[in-house]
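Just below is one structure, and these are the notes that go with it.
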Amino acid sequence: MKSTTIKSLLLSFTVLLSLSAFAQGFQGKAVYISKSKMELGNWGARLSEGQKKQIQARLKNRLEKTYVLTFNSSESMFLEDEQIDAISGATDSWGAYFSRGDQYKNVKQKTLTQEQEFYGKRFLIKDNLYKIEWNLGSETKKIGNYTCYKAKAFVPKNELDWYNFSWSDLRNKEKKEGEKLEEDLIVVEAWYTTQIPVTHGPGEYWGLPGLILEVSRGNTTLLCTEVVINGEEKIEIVAPEKGTEITKVDYTQTIQKKMLEMRNNRMRRRSR
């Protein structure tokens, strides 16, 4: 009896050591393509199809982007590949002000560190990860060689777009200032695979029982086109360190203040 007990304990200990070694050595890389549909609103209705195509070609590097997610069992790094405008031969400098910076997530500690540059000043955003309340479905589909399951969530807009700027969002904020507001919720649809058992995903998306390979919200879809697990090259994941430390809320307020200053200065120059 004692011999059997000792053998069981030794086997359990060996399994635990193997799992620990796997977790320590586990690493992966996923490439995502982001595609957004162009929305021109009422102004676009006055344009010809040729003019719409020209605008779409000019904005291609904003509407279509490539990202790389590197990860281990607890950490991830999400980076945008720099795209060159095929027409002008230059990067989209205006769009870069409101593009997502290098993003580090630690799902074990539930923290986010993101590097952002805005008009020559570098910021280091440090904050908690927003916990997404996912509703897991039973619907499945294949993405590449992986079987994926569908999940859905309603996420506050300011948790998804905190690094971006919109005049319409600012106008709505000014109109409703002082009122008790309900949060603007965005419908998010994700597809994850339990064949890669990590809780990582691109951008602000995480917290599912498998790697998120596709996620959609509004007119934008992020789709994984390539996955490499435990490749030969060792992946180093290091959180950004440079910049003025700030929270997501404070960073958003900083952008809004700067954009208002620019607008007011422009209006004063015109009135002279």
Distance between Cα centroids, region 251-272 to region 202-243: provide it in whole Å.
-> 35 Å
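Kindly rank 263-269, 30-36 from highest to lowest mean number of other beta carbons found within 10 Å of each residue.
Ranking, from highest mean packing down: 30-36, 263-269.
Highest first, please rank the peptides 153-159, 128-134 by the mean number of other Cβ atoms sitting within 10 Å of their residues. Let's see the in-between values first.
Working: 153-159: 16.3, 128-134: 14.1.
For the peptides 153-159, 128-134, the packing ranking is 153-159, 128-134.
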Calculated FRET efficiency for the pair Val68/Glu241, C-beta based, R₀ 30 Å, to 0.05 = 0.90
Efficiency of FRET between Met262 and Glu232 - r from beta-carbon atoms, R0 45 angstrom, step 0.05 | 0.40
Gain upon complete extension [Asn128, Lys108; 0.36 nm per residue less C-alpha separation] = 6.1 nm
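Values quoted throughout were computed directly from the atomic coordinates according to the rules given, and no laboratory measurement underlies them. What you are looking at is a predicted structure, and each value in this text was computed from that prediction instead of being measured. Using ideal geometry, Cβ is built from the backbone for each residue, glycine included, and neighbour counts are taken over all protein chains shown.
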